[in-house]
1. Evaluate the following for LEU46: is it in contact (Cβ under 8 Å) with a residue 40 or more places away in the chain, aliphatic (A, V, I, L, M) and either under 11 Å from TYR92 (Cβ atoms) or not in a loop (DSSP other than H, G, I, E, B) (or both)?
2. Only one of (1) within 14 Å of the chain's Cα centre (by Cα); (2) of a type outside the set (Val, Ile, Thr); (3) closer than 25 Å to SER116 by Cβ is not met by PRO86, so which one is it?
3. If you check SER20, SER52, SER40, which single one turns out to be open to solvent by less than 40 Å² (accessible area, probe 1.4 Å), of a type in the set (Ser, Thr, Tyr) and either touching a residue at least 24 places away in the same chain (Cβ under 8 Å) or part of a loop (DSSP other than H, G, I, E, B) (or both)?
4. Can you say whether SER6 is farther than 20 Å from GLN108 by Cβ and open to solvent by 50 Å² or more (accessible area, probe 1.4 Å), as far as the supplied structure shows?
Amino acid sequence: VQLQASGGGLVQAGGSLRLSCAASGIIFRAYRMNWYRQNSEKQRELVASINSLGSTNYGDFVLGRFTISRDNAKNTVHLQMNSLKPEDTAVYYCSATYWATNIEYWGQGTQVTVSS
């Protein structure tokens with residue numbers, strides 16, 4: 001199983017980034033796809049998740065700024081992040097959770113840095 005995250009980088013406050021995660025080695029439709037983040041001061045926290053039917057869930061801090069989407073034909077999940085704040089600075093991780101057993105696979109993180 002491979003989850004390849006990309007799209008991180010340095011952006012000014014108020015800017016946007018689009019993260020992508022390409023999955024291989026899994027039956028993509030059978031997995032809920034998630035984005036988590038972790039910085040040096042906090043535990044890892046859920047940013048957003050989306051199931052195979054497109055039902056989404058967001059962390060309380062998102063406040064309508066981020067949108068998660070998935071392309072089941074391309075085995076890819078995206079996280080569009082707008083109105084970024086310095087406190088959004090973190091390593092963002094993609095994960096895949098199997099619907100039947102909750103087994104979860106993790107990808108490597110991608111660094112997002114928001115400057116003030």
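1. no
2. (1)
3. SER20 is the lone residue from the list that is open to solvent by less than 40 Å² (accessible area, probe 1.4 Å), of a type in the set (Ser, Thr, Tyr) and either touching a residue at least 24 places away in the same chain (Cβ under 8 Å) or part of a loop (DSSP other than H, G, I, E, B) (or both).
4. Here the answer is no, as SER6 does not meet what is asked.
The values are calculated or read from the model by the stated rules, or taken from the named source; none is laboratory data. None of the values given here were measured: they were computed from a predicted structure. Please note: Cβ atoms are built from the backbone with ideal geometry, for glycine as well, and neighbour counts cover all protein chains shown. Ligands, DNA and RNA are stripped out before the accessible areas are found, and what is left, the full protein with its side chains, is counted by its heavy atoms. Shrake-Rupley method; radii C 1.70, N 1.55, O 1.52, S 1.80 Å.
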